[in-house]
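Taken together, the values in this text are just the output of simple stated rules run on the coordinates, not laboratory data. Every value quoted in this text rests on a predicted model; they were computed, and no experiment measured them. Every residue, glycine among them, receives a Cβ derived from its backbone with ideal geometry; neighbour counts consider all protein chains shown.
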Amino acid sequence: MTEIKEMVKILAEKHGRERGALMPILQAVVEKQNFLSEEAMTEIARQLDISAAQVYGTASFYSFLDIKPRGKYVIRVCKSIIAEMKGKKEILKTLENSLKIKVGQTTPDRMFSLLETNDIGWSDQEPSLLINETPYTNLTSEKIINIIHEYRSKN
C-alpha cells in the first residue's frame, strides 16, 4: 500500500467514513503533504465512498485546500476591498520583487508560493497576509522585506 493510501486510510479511521469527514481529512492531507494530489483525492473518495468529482469539487472550492504543489511557505495576501484601499498593491509588488515570482507562482527552490485569497479576517488591520497559518497585519514594504528575510534565514 502506498504512503498516501495508508495515510488516508488512517485519517478515515480517525475521522470516520461519513461525508462529514471530508473536510477534516482534506485539511489533514494538506497539512501533511502541503497539497492534495490526484492520488490522495482518489483515495479519499474511495475511503468515503463518494465520487472523486465530489472530492475535487470541494477541494477546488476552498482556497486553503491546495490542489497543486506549493512552496514550504505559502503566502496568502488578502484581496478584500479594504486591503485594496489600504495598500495591498504595494505589498504584492514588494513580495513579487523580493521573491522574484508573480502571484500564483512558486519560487524555483520551492521555498515560497505567492497567492491572493479572499478575506482572512483581519480587515481592521489591512493590508494583511498569512504565511502558512501565521498572520501578519498592518503591513508595509519594509515589514514585508524583514518578514521574507526571517523566513529565508530559517533555512
For the chain, percent of DSSP beta bridges that are antiparallel (nearest 5) comes out at 55 percent
Per the helix-only model, the chain has a calculated mean residue ellipticity at 222 nm (DSSP H runs of ≥4, -39500 (n - 2.57) each, divided over all residues, rounded to the nearest 500) of -15000 deg cm²/dmol
Treating only Lys and Arg (+1) and Asp and Glu (-1) as charged, each at its beta carbon, one finds that segment 5-90 has a dipole about its Cα centre, in Debye to the nearest 20, of 360 debye
Cα-Cα longer than 27 Å, checked against LYS32/LYS86; LYS9/LYS154; LYS100/LYS154, kept in input order, equals LYS32/LYS86; LYS9/LYS154
Nearest-0.05 FRET efficiency for GLU142 and MET85 at R0 = 25 Å, using Cβ-Cβ distance, is 0.80
For segment 73-153, the dipole about the Cα centre with charges only on Cβ (Lys and Arg +1, Asp and Glu -1), to the nearest 20 debye, works out at 280 debye
Between the modelled labels at SER51 and LYS68 (7 Å from Cα along Cα→Cβ) the distance in nm is 2.4 nm
For LYS14, the aspartates and glutamates lying under 14 Å Cα to Cα, once residues fewer than eight places off in the same chain are dropped, come out as GLU6
Here the convex hull volume per residue of the chain, taken over Cα atoms and given in Å³, is 119 Å³
